[in-house]
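Read through the structure below, which is laid out as structure tokens, and then see the notes.
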Amino acid sequence: MGGFFGAASHNDCVSDVFFGTDYHSHLGTRRGGMTAYSPEKGFQRSIHSIENSPFRTKFEGDVEGMSGGLCIGCISDTDPQPILLRSKLGLYAVCTVGVIGNAKELTEELIATNAASFETMSSGNINTSSIVGALISQKDSFVEGIRFAQSKIVGTVSLMILTESGIIAARDKKGRLPIIIGKRSDGFCFSFESFAFQKLDYELYRELLPAEIVRITPDKAEVLSEGTEDLNICTFLWTYYGYPNSVYEGVTVETMRTRNGEIMAQRDMERGMLPDVDYVCGVPDSGVPHAIGYANKSGIPFARPFIKYTPTWPRSFMPQNQSMRNKVAKMKLIPVRELIEGKKLLFVDDSIVRGTQMRETVEFLYANGAKEVHMRSACPPIMYGCKYLNFSRSTSELDLIARSIINEFEGKEGVKYIKEYSDSNTERGKRLREEICRRLKLTSLGFQSLEGTVEAVGLPECKLCTYCWNGKE
């Protein structure tokens, strides 16, 4: 994933963008960058790896030497950005969030037509923003270029462009990712996360519509190209990715998660599946509000039998190596033994993806004396790897525990029955849950239904992207 923040102000806004970008650190773990513009200094850019140190510590020194009333910043899980480009449209900086599924094909097409040449990163890949910039430069204006780029891209791309006269933002065609405008007496800002500008004294101005293109200057927010009502925002933003006080399409993340837990508990109560446990607990951090909702509705006390040690390993700061990630995940959880030993516990987690870390968590609980460990997933079984936002690091859908088990049960034919496997009321659905339960050594296991997830968000299902659960485009 990733996130960005940009500001246009009558005053120097570099520190605003520094803090605003830092507030997006939960969305990316690899690269951070800032670019500012002032008539005196021109474009000033700084990019750092944030794999081994948080954004804030890497950029504190850089900010002191940068200045300008126009500035953008980006947190990225993929590429170093913002990048600076010079084309017939002038010199500008661009940063992107999303996934280009056909990046290789677009690169080959651009090279074959002599439309561009690309600097290759050490990984051998082409920077996503470089591809977007090359597509934009095919047209005679930024608006035409952005429209052209988004028409050619398979996947999802939202972007910000910093020019000498203002900042342009374009929300992706389906609105899978948010872009929000904030307003202050001395200017405007763009942000992925709504809360990122609140502490900087900006007020909510409005959200961009899907496919909308807007330019901000210190004096105004100007619509350059109208958006659409064709919204398909990522539901996982509420379930997992979004920060608790983020608001997307008028729905607060923390509110959704608490309501989601209540719906799960209500369903268990109606079906006589409410387990006899001592405590309801949340897997930190994003599982906690789901668990609070479950506890509130069920009347079972909420407790924290383990605490996540975050000063050195927050959620947003994790190594890229999977074995090291698993080790860190284990080291972060510190038990409160008197809340575990001899106790029957029900845990709520935001999701079950590969199941590796959850299995280790369950083993950790039993090792500390738990009598029973029940689990509820705050979303349906994940059946498809995300091809729009890259929220899952899985290289194959068979890395997903649900798909792996289905494949073992039925081979390639299993994909035909995913709808049945997703439904806990079918024989296939029950068999899948029993097998996951066995492999993770759980006493019982339940998944939130898609209908329950949609109800918790409160938006029509047709406005939500649910691809990872049901494969719907």
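Bear in mind these aren't lab numbers, they're just calculated from the coordinates by the rules spelled out. The structure presented is a predicted model; accordingly, all values stated were derived computationally and were not measured. Cβ sites come from the backbone with ideal geometry, for glycine too, and all protein chains shown count toward neighbours.
Counted over the range 251-470, the DSSP beta bridges are approximately 15% antiparallel.
In plain terms, the residue of PHE5, PHE409, PHE195 with the fewest other Cβ atoms within 10 Å comes first and the most crowded comes last, giving PHE409, PHE195, PHE5. Secondary-structure-derived ellipticity at 222 nm for the chain, considering helices only, amounts to -9000 deg cm²/dmol, per-run term -39500 (n - 2.57) for DSSP H runs with n ≥ 4.
Look at MET273, MET375, MET264 and count the other Cβ atoms within 10 Å of each Cβ; fewest to most, that gives MET273, MET375, MET264. The angle separating the long axis of helix 427-439 from the principal Cα axis of greatest extent in the chain is about 90 degrees. Here the extension length gained between CYS462 and SER165 equals 103.1 nm, from 0.36 nm per residue of separation less the Cα-Cα distance. Once you sort the root eigenvalues of the Cα gyration tensor of the range 430-473 as a ≥ b ≥ c, which label holds: rounded (a/c under 1.5), prolate (a/b larger than b/c) or oblate (the other case)? Cα axes put the range 430-473 in the prolate bin.
Taking amide H as placed 1.01 Å from N in the peptide plane, the amide H of GLY155 sits under 5 Å from that of GLY101, each at least 5 places away or on another chain. Please work out whether the range 251-470 counts as rounded, prolate or oblate from its C-alpha gyration tensor, where a ≥ b ≥ c are the square roots of the eigenvalues and a/c under 1.5 means rounded, while otherwise a/b larger than b/c means prolate and anything else oblate? It is rounded, given that a/c, with a ≥ b ≥ c, falls under 1.5. For the range 179-192, the Karplus equation 6.51 cos²θ - 1.76 cosθ + 1.60, evaluated at θ = phi - 60°, returns couplings of 9, 10, 9, x, 10, 9, 4, 10, x, 10, 9, 10, 8, 6 Hz by residue, with Gly and Pro reported as x. Near the amide H of ARG376, within less than 5 Å, lie the amide hydrogens of PHE347, VAL348, ASP349, GLY446, all on another chain or at least 5 residues away, with H placed in the peptide plane. Relative to the longest principal axis of the Cα atoms of the chain, helix 287-298 runs at roughly 50 degrees.
Here the label points at PHE118 and GLU341, each 7 Å from Cα along the C-beta direction, are separated by 5.8 nm in the simple model. From zero up to wherever the largest Cα-Cα distance of the range 2-231 sits, split into 5 Å bins and tell me the percent of pairs in each. Per 5 Å bin, starting at zero, the Cα-Cα P(r) for the range 2-231 comes out as 1, 8, 16, 21, 22, 17, 10, 4, 1, 0 percent. Of the residues LEU208, LEU159, LEU91, the one with the fewest other Cβ atoms within 10 Å heads the list, and the complete ranking is LEU91, LEU208, LEU159. Along the Cα→Cβ direction, 7 angstrom out, place labels at ARG30 and LYS88. What is the inter-label distance in nm? My value for the distance between the label points is 3.2 nm. Once the Cα atoms are used to define both axes, helix 356-367 deviates from the longest principal axis of the chain by about 40 degrees.
In sequence order, the range 131-140 has phi-based couplings of 5, 4, x, 5, 5, 4, 5, 6, 10, 8 Hz under the Karplus curve 6.51 cos²θ - 1.76 cosθ + 1.60, θ = phi - 60°, and Gly or Pro positions carry x.
FRET efficiency for the pair LYS441 and MET331, taken as 1/(1 + (r/R0)^6) with r the Cβ-Cβ distance and R0 = 22 Å, rounds to 0.60. Counting every alpha-carbon pair across the range 355-470, the share separated by more than 24 Å comes to 30%.
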